[in-house]
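Reviewing the structure listed below.
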Amino acid sequence: MTLTKLLDGAVVTMTPGEEAQTTAAWAAADAARAAYVPPEVPALQLRRAARALGQYAAIVSYITTNNGDVLDWWQSKSTIRRDDPTLATIAAALGVSSNALNTLFRNAAALPPQ
């Protein structure tokens with residue numbers, strides 16, 4: 001692929017060094033986007049993402065069989081923060097790794113709002 005740039009109002013072909021630098025910058029930006037974990041997602045989207053990943057039933061089972069505070073937390077949230085201590089407790093109890101939780105948040109953020 002030949003890349004071009006705008007120089008003094010004219011479109012010119014990039015040098016191989018400029019192409020390599022530009023391509024590396026694009027790759028770095030793509031990697032940063034892929035690694036991004038949203039700090040907060042709408043609770044409904046998190047529930048939908050958990051259902052799509054097959055995790056929803058386990059989450060609901062844990063929440064409904066534990067103390068009422070966890071159930072109140074689950075039912076009262078309009079958004080859920082990735083760093084919420086209650087979420088961390090639920091994830092640990094279910095054996096959900098930090099990476100899996102990050103994937104859940106990424107998937108939730110990618111869903112269209114309902």
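Between the helical axis of 43-52 and the longest alpha-carbon principal axis of the chain there is an angle of about 90 degrees. Summarising the overall dimensions of the chain from its C-alpha atoms, the Rg and Dmax are 21.2, 68 angstrom.
Under the convention that each Lys and Arg Cβ holds +1 and each Asp and Glu Cβ holds -1, the size of the dipole of the chain around its Cα centre is about 400 debye. Distance from the C-alpha centroid of region 85-112 to that of region 22-46: 16 Å, rounded to the whole angstrom.
Relative to the longest principal axis of the Cα atoms of the chain, the long axis of helix 56-65 makes an angle of roughly 30 degrees. Taking amide H atoms as placed 1.01 Å from N in the peptide plane, the amide H of T79 lies under 5 Å from those of A43, each 5 or more residues away in sequence or on another chain. For the chain, the longest principal axis of the alpha carbon atoms and the long axis of helix 16-35 meet at an angle near 10°.
Along the axis of the charge dipole computed for the chain (Cβ charges of +1 for Lys and Arg, -1 for Asp and Glu, origin at the Cα centre), the listed residues A58, P16, A110 are led at the positive end by A58.
Rounded to 0.05, the FRET efficiency of the N67 and R33 pair, given R0 = 41 Å and the Cβ-Cβ distance, is 0.60.
A short reminder: the numbers here are calculations on the coordinates, not readings from a lab. Everything numeric here is computed off the predicted structure, so don't read it as measured data. When we count neighbours, we look across all protein chains shown, and the Cβ atoms used for this are built from the backbone with ideal geometry, even at glycine.
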